[in-house]
Amino acid sequence: MSKGRMLKSVRVVFSFIFLISVSMIFAGCNGDAGKSEGSGEQLFRFNLATEPETLDPALMTGSPEFTAAMQLFEGLVVNDPNTLEPIPAVAKKWDISDDGLVYTFYLRDDAKWSNGDPVTANDFYYSWKRVLEPETVSEYVYQLFYVRNAKKYYERKITDFNEVGLEVIDDYTFRVTLENPTAFWLDLVAFHTLLPVNRKAVEEHGVKWTRPENIICNGPFMLTEWVPKAHITMVKNPNYYDSGAVKLDKIIAYTIEDNITSLQMLEAGESDWMNTIPITHIDKMKNKPEAHITPMMTTYYYRFNVKKKPLDDKRVRMALNLAVDKQTIVDYVTKAGQTPATTFVPPGIPGYNPPPGPEYNPEKARQLLAEAGYGPDGKKFPELQIIYNTSEGHKKIAETIQQMWMDELGIRVQLHNVEWKVYLKNLQALDYDIARAAWIADYTDPNTFLDMWVTDGGNNQTGWSSAKYDGLIESAASELDPVKRMEIMKEAEDLLINDEMPIMPIYFYVNTNLVKTYVKGMSFNLRDLHPLKYVWLEK
Amino acid sequence: MFRFIVLRLLGAIPVLLVIVTLSFFLMKEAPGGPFDRERALPPEVQKVIEERYHLNEPVTKQYLRYMGDLAHGDLGPSFKYKDRTVNEIIAQSLPVTIQLGGLALIFALLIGIPAGCIAALRQNSALDYATMSFSMIGVSVPNYVVLSVLIYVFAVKLNLVSVSGWGSPKQMICPVIALGLIYSAYIARLSRAGMLEVIRQDFVRTARAKGLYERIVIIRHCLKAGLLPVVSYLGPACAAILTGSLVIETISGIPGIGREFVHSALNRDYTLTMGTVILYSSFLIFFNLVVDVLYAYLDPRITYE
């Protein structure tokens, strides 16, 4: 090939590449998704804050996913948007047997899937069975382990699904038999893992059943568009039995991870609601009419590794807790109106009053530490380490606590931030001294906070164990009288926080929602659940 | 030339193999896994999940399984985004990133090359100092600062453009400028240096002596040779810019591939991490090849015959 010809062909090749890249660049340019048409359309836009891992209720694990799922699917019961109490949904009523084991749900006969098919007891039987099949790989399958023989079936100890406590009496009657009386079972029925899925859609499309073109929903809204990492669009479901009550025509849920951007979208009028005020903007935003700061059923706390010296001595753990002024932390570090925590279970659960926990008392802390043999006249306190997953907020809190322990007790601790997955591994392997943590309620009952501390519980991760505590949790589980049950729970928590202290509660979270003032019908509750069924706009 | 390209492409295969193998084992060495969460799974559930995703097998067996799928062009299912496969995620995110990167690159070249040339031709003039000071600022200011300022002024205050998203020109303009700015600054500095070296050379003096128009001397003779440093910089720059920017994509909510590079590794989404590693290394190899080919075109002294 001569030089000239070669150059020419190179030129041709490159102009071709250039043309292709330019056309690729401009291909797929389309208009903004979120602009309202200007008509009286009720379009509600909000930030879901992350790309949903999945829209399959059986597989999801996070709260953004649940927020999307509760608009698209409706279970036998739903949580009341204000009180969180389970209220009728697809089930219009239910009976509970006297021994608390058998729940009979009577389904409404006008509930329909978005394709017009009726929602029947078979749908729930199929959906729950699907969760229990190991092939489905549902991570939250254990929410169904309260059902008789469900766990055995999942572990393949029994193979006949008829032995599992689920029974279709007729199209509109569904009976569930539990392993033990479980006071919070109805609350779990509202949880996303137990939402119904459409058998036809799942069997026909496999993992692709959640795509807008395949999905069949039974909730107030249905999915029409899912642009990964951009937005999800839902429109009112005309086949929903209560569609007369649904006022929004269309919902766009953005998946913007950066919460400063999310705030700017709200300010620029591109979004109507976001549910986390950036910590840097709390002071500026918290008194605005858009801000709704309400209590949340989540506790921020530190775990002590009780297998390590000197944390194996409960006097030391008590002393460390007494020397932390939690009021200062919520006033000057977190600043959004969180409440200091002296107990592990947050206040506000109906029927449960947490026992009074230890208050800030550095004097007593020094005394306890001296009793344990440390302090000016005793041994030198070994240097401990606080680990936390990398985050500016966790760091500030850890620094404050580090300073408080230094000032009040003369104890030196190091701070160590680790990447999230490494942090989780350290906790599982008990490879830490003190670790930050948070716990969000799965259901509205103290049990969701207390049963995790039983011996070798998967979420215990402190090495702490008490036969008495295990016994209390067990007897609470089988207690039928709700008042007595709460008393036992209270006794257990008293043991946990006033006697043993394997953990140090720091504060209770608040929901920090920003909602445009023209948005009506939003409710705020302890679990930050937001069914949009009742929301409308007054522009 | 054709032979050269084919040989280089063939040579890329063992390089990619080594990269894939090393990354695979390094990734498996990292503590934690895709299903470790704050809420510990009951051991029986953990066991079922590990079996389902073959995480209970020895790493070498997992490696062979992965390579087998890879040979069929299957990058596997995503561990985190359970409704999607890695192939799908890349197919959806990459075009967006190429749009963003391509536009940013065009922006950078359109600003950078003229600025560099003007500065070189008016060396030590006020214009030269002004251009170079601006480019110094461009190099030093991080792109997220530029982007935040642009969004604050033009989207929040003036309401001229959109805060986030991707698709319409209103949404594209801020991230493209923010991403392109640093590249335009580098390109300006490199092209200035390249041009300065060239305009003193004999062949330029000859061209001028022949009485050619200054315009032709600059464009036909100087520019071609003066841009060599820019071209060699563009190879890795293209690979970097076309595989996205975590920061820009996160701030502007752009559904590109850039954040998967970082997040998939943090999430231990093994298959997605491998997919992005393969993608980035292929880009790097490809653009270096393009640079070498361009060299032959721009500099008559280089041939690959």
Inset, instruction - Using only protein heavy atoms and a 1.4 Å probe, report how much of residue A:99 is accessible, in Å² to the nearest 10. - result: 70
Inset, instruction - Go through A:490/B:80; A:421/A:533; A:539/B:157; A:93/B:47; A:93/B:80 and tell me which ones have a Cα-Cα distance over 31 Å in this structure. - result: A:490/B:80; A:421/A:533; A:93/B:47; A:93/B:80
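In a shell of Cβ-Cβ distance under 12 Å around residue B:62, excluding residue B:62 itself, what net charge do Lys and Arg (+1) and Asp and Glu (-1) give? Intermediate results must be reported in sequence, preceding the final value.
On the way: positive: B:28, B:61, B:65; negative: B:50, B:57, B:69.
Taking every Cβ under 12 Å from that of residue B:62, the sum is 0.
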Legend entry - Residue pairs, from the table A:308/A:484; A:151/A:309; A:151/B:28; A:229/B:170; A:309/A:425; A:308/A:468, whose Cα atoms sit over 28 Å apart: A:308/A:484; A:151/A:309; A:151/B:28
Inset, instruction - Taking H placed 1.01 Å from N in the peptide plane, check which residues at least 5 places from residue B:79 or on another chain put their amide H under 5 Å from its amide H. - result: B:270, B:271, B:272
Inset, instruction - State, as an integer percentage, the relative contact order of region A:294-511 based on alpha-carbon contacts under 8 Å between residues 6 or more apart. - result: 38
Legend entry - Ordering of A:505-518, B:42-55, A:131-144 by packing [mean C-beta count within 10 Å, highest first]: A:505-518, A:131-144, B:42-55
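Over region A:294-511, what is the percentage of antiparallel beta bridges among all DSSP beta bridges, to the nearest 5?
Working: 16 of 25 bridges.
Roughly 65 percent of the DSSP beta bridges within region A:294-511 come out antiparallel.
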Inset, instruction - Just report the Cα centroid separation between region A:91-124 and region B:32-86, whole Å. - result: 36
Inset, instruction - Please average, across the residues of B:166-172, the number of beta carbons from any other chain that are within 10 Å of each residue's own beta carbon, and give a whole number. - result: 5
Legend entry - Those residues of region B:240-269 for which accessible area with every protein chain present is at least 40 Å² below the isolated value (1.4 Å probe): B:250, B:251, B:255, B:259, B:266, B:268
Inset, instruction - Would you pull out the residues with amide H under 5 Å of residue A:294's amide H, same chain only if 5 or more places away, H placed 1.01 Å from N? - result: A:511, A:513
Legend entry - Amide H contacts of residue A:172 (H built 1.01 Å from N, under 5 Å, at least 5 apart or other chain): A:121
Legend entry - Distance between region A:365-426 and region B:218-265 - C-alpha centres, whole angstrom: 44
Legend entry - HN-Hα J in Hz across region B:155-169 - Karplus 6.51, -1.76, 1.60, θ = phi - 60°, x for Gly and Pro: 9, 6, 7, 8, 6, 8, 10, 8, 5, 8, x, 8, x, 9, x
Legend entry - Furthest towards positive pole of dipole, A:296, A:415, A:84, structure part chain A, Cβ charges: A:415
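Before we go on, tell me the buried accessible area for the B/A pair, both chains summed, 1.4 Å probe, in Å² to the nearest 100. Intermediate results must be reported in sequence, preceding the final value.
Values: alone 17020 and 24750 Å², together 36010 Å².
Protein heavy atoms only, the B-A interface buries about 5800 Å².
Taking 1 over the mean of 1/r across every pair of different Cα atoms in the protein assembly as shown, what Kirkwood radius in Å do you get? Before the final figure, lay out the partial values.
Details: mean 1/r = 0.0329 Å⁻¹.
The Cα-based Kirkwood calculation yields 30.4 Å.
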Inset, instruction - Determine, from the Cβ-Cβ distance of residue A:536 and residue A:200 and an R0 of 45 Å, the FRET efficiency 1/(1 + (r/R0)^6), rounded to the nearest 0.05. - result: 0.90
Inset, instruction - Anything losing 40 Å² or more of accessible area from the isolated chain to the full protein assembly: pick those residues out of region A:123-143, probe 1.4 Å, ligands and DNA/RNA ignored. - result: A:137, A:139, A:142
Inset, instruction - On the full set of protein chains, 1.4 Å probe, figure out the accessible area of residue A:412 and give it in Å² to the nearest 10. - result: 140
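If you add up the charges near residue A:296, with Lys and Arg at +1 and Asp and Glu at -1, over every other residue whose beta carbon is less than 12 angstrom from its beta carbon, what do you get? Could the numbers behind the result be given before it?
On the way: positive: A:527; negative: A:528.
After counting each charged neighbour, the total is 0.
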Inset, instruction - Anything losing 50 Å² or more of accessible area from the isolated chain to the full protein assembly: pick those residues out of region A:43-78, probe 1.4 Å, ligands and DNA/RNA ignored. - result: A:53
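Need one word for region B:134-287: rounded, prolate or oblate. Basis is the Cα gyration tensor (sqrt eigenvalues a ≥ b ≥ c); a/c below 1.5 gives rounded, then a/b vs b/c decides. Walk me through the numbers on the way to the answer.
Numbers: a/c = 3.17, a/b = 1.69, b/c = 1.87.
Here region B:134-287 falls in the oblate category.
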Legend entry - Accessible surface, the protein assembly as shown, averaged per residue in Å² (probe 1.4 Å): 43
Inset, instruction - Could you go through region A:191-199 in sequence order and give the Karplus-derived ³J(HN,Hα) for each residue, using 6.51 cos²θ - 1.76 cosθ + 1.60 with θ = phi - 60°, rounded to whole Hz, and x for Gly and Pro? - result: 6, 4, 4, 9, 6, x, 10, 8, 4
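What are the membrane-span-like helices in chain A by this rule: whole DSSP H runs, Cα extent along the axis at least 15 Å, mean Kyte-Doolittle hydropathy at least 0.5? Don't jump to the answer; show the numbers that get you there.
Working: long enough: A:3-26 (34 Å, 1.35); A:121-132 (17 Å, -0.59); A:392-409 (25 Å, -0.87); A:467-478 (17 Å, -0.04); A:482-494 (18 Å, -1.05).
Correct list, ordered by number: A:3-26.
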Inset, instruction - Measure off, as a whole percent, the carbon and sulfur share of the 1.4 Å-probe accessible area of chain B, all protein chains present. - result: 68
Inset, instruction - With a/c under 1.5 counting as rounded, go ahead and sort region A:335-423 into rounded, prolate or oblate using the C-alpha gyration tensor (a ≥ b ≥ c being the square roots of the eigenvalues; past the cut-off, prolate if a/b is larger than b/c, else oblate). - result: oblate
Inset, instruction - Run down the aspartates and glutamates and flag those whose C-alpha is under 15 Å from the C-alpha of residue A:364, throwing out any fewer than 8 positions away in its chain. - result: A:325, A:407, A:408, A:499
Inset, instruction - Rounded to whole Hz and in sequence order, give me ³J(HN,Hα) for region A:280-293 from the Karplus expression 6.51 cos²θ - 1.76 cosθ + 1.60, θ = phi - 60°, writing x for Gly and Pro. - result: 6, 10, 4, 4, 6, 8, 5, 9, 6, x, 6, 7, 10, 9
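To the nearest 0.05, what FRET efficiency results for residue A:276 and residue A:122 with a Förster distance of 51 Å applied to their C-beta separation? Please report the intermediate quantities before stating the final value.
Details: r = 40 Å, r/R0 = 0.78.
Efficiency at R0 = 51 Å is approximately 0.80.
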Inset, instruction - Tally up the carbon and sulfur contribution to the accessible surface of region A:294-511 as a whole percent, 1.4 Å probe, everything protein left in place. - result: 50
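Which of the peptides B:283-291, A:284-292 is most tightly packed, and how do the rest follow, going by the mean number of other Cβ atoms within 10 Å of each residue? Provide the component values of the computation, followed by the final result.
Working: B:283-291: 18.2, A:284-292: 13.9.
Taking the mean over residues of other Cβ atoms within 10 Å, the ranking is B:283-291, A:284-292.
Give, in nm to one decimal, the length gained when the segment between residue B:130 and residue B:209 is fully stretched (0.36 nm per residue of separation minus the Cα-Cα distance). It would help to have the intermediate numbers written out before the result.
Working: separation 79, 0.36 × 79 = 28.44 nm, distance 3.12 nm.
Here the answer is 25.3 nm.
The values are calculated or read from the model by the stated rules, or taken from the named source; none is laboratory data. This is a predicted model, so every value here is computed, not measured. Every residue, glycine as well, gets a Cβ built from its backbone with ideal geometry; the counts of neighbours run over all protein chains shown. These accessible areas exclude ligands, DNA and RNA; they are computed on the full protein's heavy atoms, side chains included. Shrake-Rupley method; radii C 1.70, N 1.55, O 1.52, S 1.80 Å.
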